[in-house]
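J.: First the structure, which I've put down as structure tokens, then a few questions once you've had a look.
The values are calculated or read from the model by the stated rules, or taken from the named source; none is laboratory data. Owing to the predicted nature of the structure, the values given are computational and were not obtained by experimental measurement. Because the Cβ atoms are built from the backbone with ideal geometry, glycine has one as well, and the counts that use them run over all protein chains shown.
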Amino acid sequence: MRMGVIGLRRGLHMATWGRRLGMDVVAACDRDPGCLQDAGRLLPGAELTGDWRDLLAQRLDGVLVANDFDAHAPVAVEFLRRGVHVLSETAACADEEQGRRLVAAVERSSATYSFAENYVAHPHVRLVRQAVDAGELGRISLVEADYLHGLSPGQVAALIGDPAHWRGRIAATAYCTHTVSPVLALTDAWPVEVSAFSVDVADPRAAVVLTVRLSSGALAVTRHGFLQGEPDSHWSWICARGTRGLAESVRAPGERAWSVRVRAEAWATADGRVREEERVPPPLSHAGTAVERGEEGTVLVLRAFRATVERGEPPLVPVRPAVAASLVGVAGAESLRNGGRPVPVPDVSPAAVRRGQ
């Protein structure tokens, strides 16, 4: 499998893992000469360029799109038009028009689109999903998810205070897919409307809370940004409450942060006793060596992409859920500008297509 990579910060990390997993990374691109220099060292033999359009002329099976957060969709569309499979990072689109163009490009293409949403595949999220799928929790009523960084005020200002950097120009709600995508995966639902609130009006861009009504009738509450007390499970915590029980990642330091607490009340158990246990995710290995917990999601995303390209397996996160999760952030920005007023999330579900929307 011949692979190209666009964007060599997060992209370079994923490219090195791609090579370890058997992908032939033959071309890489970044505007930053320093990133290209790093790529030359870590990806020997790959053709390096400062213009992503140069990769369009390469004979590629797949391309990883990991350039600026809000610039993925136009690049993905160009490669899909040429029949190149796309693995796209964290935001599928910057607005509804981009999202719908991306969906249309995928459905016209001979190639596929996969969302590189590693948080869907993290160990604690997989354990919660197992409890949901087994029916242990009953019908899901409420899902909560955090993606939080406990950085100093100076570090936060350096990240989001520069309008020339993508973190400085995106809306405070935009970087929501690390929480919303796991919510959608756990519930098999679609976002219907969102209300967004700044956590602290004295520092409104630092952290936001999104309340998202889902097509299943459940509610999701997600928090992301910069707040103290970040979880050790790769900045991620998740909790699913159902009509019969609860499953949540453990709020604990170190390795236990990847474990999940599952509880059923006495009335919901066969023997009339409270059932509570802490479940530890099984290790994931590659080439006989255990993969670090924080890398498991990345490894599984790349394995799934290779299986999609080489064996025709369905994408781990296909285009419509990717666009839906991204549009929660877009609608959330409108809500934030209007004092938390609920805003409909554009419906890109297959059901909307059947209704002619």
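J.: Can you name the condition, by its number, that residue 125 falls short on among (1) crowded, with 16+ Cβ neighbours inside 10 Å; (2) of a type outside the set (D, E, K, R); (3) under 20 Å from residue 332 (Cβ atoms)?
T.: Against the list (1) crowded, with 16+ Cβ neighbours inside 10 Å; (2) of a type outside the set (D, E, K, R); (3) under 20 Å from residue 332 (Cβ atoms), residue 125 comes up short only on (3).
J.: For the range 152-203, how many residues meet the condition of being assigned to a loop (DSSP other than H, G, I, E, B) and in contact (Cβ under 8 Å) with a residue 60 or more places away in the chain? Steps first, answer last, please.
T.: Initial filter on the range 152-203 (assigned to a loop (DSSP other than H, G, I, E, B)): 152, 161-165, 170-176, 188-190, 199-203.
Within this subset, residues satisfying the condition of being in contact (Cβ under 8 Å) with a residue 60 or more places away in the chain are 170-176, 190.
Within the range 152-203, residues that are assigned to a loop (DSSP other than H, G, I, E, B) and in contact (Cβ under 8 Å) with a residue 60 or more places away in the chain number 8.
J.: Between 281, 314, which is part of a loop (DSSP other than H, G, I, E, B), in the same structural domain as residue 86 (by TED's automatic domain parsing) and modelled with pLDDT of 95 or more?
T.: Every option except 314 fails the conditions.
J.: Does residue 12 fit the bill of being over 17 Å from residue 85 (Cα atoms), in contact (Cβ under 8 Å) with a residue 24 or more places away in the chain and surrounded by 15 or more Cβ atoms within 10 Å (Cβ to Cβ)?
T.: Numbers: over 17 Å from residue 85 (Cα atoms): yes; in contact (Cβ under 8 Å) with a residue 24 or more places away in the chain: yes; surrounded by 15 or more Cβ atoms within 10 Å (Cβ to Cβ): yes.
Taking the combined requirement at face value, the residue satisfies it.
Yes/no matrix, rows are residues, columns are (1) more than 19 Å from residue 313 (Cβ to Cβ); (2) modelled with pLDDT under 95; (3) buried (at least 20 other Cβ atoms within 10 Å of the Cβ):
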position	(1), (2), (3)
51	yes, no, no
63	no, no, yes
72	yes, no, yes
78	yes, no, no
104	yes, no, no
119	yes, no, yes
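J.: What are the residues in the range 180-224 that are buried (at least 24 other Cβ atoms within 10 Å of the Cβ) and either more than 13 Å from residue 240 (Cβ to Cβ) or of a type in the set (Gly, Ala, Ser) (or both), if any? Walk me through it before giving the result.
T.: Step one: filter the range 180-224 for residues buried (at least 24 other Cβ atoms within 10 Å of the Cβ), giving 180-184, 186, 191, 194, 196, 208, 210, 212, 220, 222, 224.
Matches in the range 180-224: 180, 181, 191, 194, 196, 208, 210, 212, 220, 224.
J.: Another question, then. Of all the residues that make up the range 246-276, how many are surrounded by 15 or more Cβ atoms within 10 Å (Cβ to Cβ) and over 22 Å from residue 122 (Cα atoms)?
T.: 3
J.: Can you tell me which residue among 255, 248, 193 is closer than 19 Å to residue 342 by Cα and not β-branched (Val, Ile, Thr)? Write out each step before concluding.
T.: On the way: 255 fails: closer than 19 Å to residue 342 by Cα; 248 fails: closer than 19 Å to residue 342 by Cα.
Within the list 255, 248, 193, the selection yields 193.
J.: Out of (1) within 30 Å of residue 269 (Cα to Cα); (2) in a helix (DSSP H, G or I); (3) of a type in the set (A, V, I, L, M), what's the single condition that is false for residue 106?
T.: Just one mismatch for residue 106, condition (1).
J.: Filter the range 303-319 down to residues that are in contact (Cβ under 8 Å) with a residue 12 or more places away in the chain and more than 13 Å from the chain's Cα centre (by Cα) and give me whichever is farthest from residue 224 (Cα to Cα).
T.: Here is the first cut: in the range 303-319, the ones in contact (Cβ under 8 Å) with a residue 12 or more places away in the chain are 303-306, 308-310, 315-319.
Still in the list and also more than 13 Å from the chain's Cα centre (by Cα): 303-306, 308-310, 315.
On the way: 303: 27, 304: 26, 305: 27, 306: 30, 308: 30, 309: 32, 310: 35, 315: 26 Å.
Across the range 303-319, the extreme among qualifying residues is 310.
J.: Could you tell me how many of the residues in the range 123-151 are among the hydrophobic types (A, V, I, L, M, F, W, C) and without any contact (Cβ under 8 Å) to a residue 40 or more places away in the chain?
T.: First pass over the range 123-151, keeping only residues among the hydrophobic types (A, V, I, L, M, F, W, C): 125, 127-128, 131-132, 134, 137, 140, 142-143, 145, 148, 151.
Filter once more, so that each one left must be without any contact (Cβ under 8 Å) to a residue 40 or more places away in the chain: 134.
Residues in the range 123-151 being among the hydrophobic types (A, V, I, L, M, F, W, C) and without any contact (Cβ under 8 Å) to a residue 40 or more places away in the chain: 1 in total.
J.: Ok, one more. State yes or no: is residue 92 aliphatic (A, V, I, L, M), modelled with pLDDT under 95 and either over 28 Å from residue 186 (Cβ atoms) or buried (at least 21 other Cβ atoms within 10 Å of the Cβ) (or both)?
T.: Working: aliphatic (A, V, I, L, M): yes; modelled with pLDDT under 95: no; either over 28 Å from residue 186 (Cβ atoms) or buried (at least 21 other Cβ atoms within 10 Å of the Cβ) (or both): yes.
For residue 92, the condition - aliphatic (A, V, I, L, M), modelled with pLDDT under 95 and either over 28 Å from residue 186 (Cβ atoms) or buried (at least 21 other Cβ atoms within 10 Å of the Cβ) (or both) - is not met.
J.: Sticking with this structure for a sec: Can you name the residue in the range 160-177 that is among the small types (Gly, Ala, Ser) and farther than 15 Å from residue 148 by Cα and is also surrounded by the most Cβ atoms within 10 Å (Cβ to Cβ) among such residues?
T.: The first filter runs over the range 160-177 and keeps only residues among the small types (Gly, Ala, Ser), leaving 161, 164, 168, 171-172, 174.
Now narrow it down to the ones that are farther than 15 Å from residue 148 by Cα: 161, 164, 168, 171.
Details: 161: 12, 164: 6, 168: 14, 171: 19.
Only one residue tops the list, namely 171.
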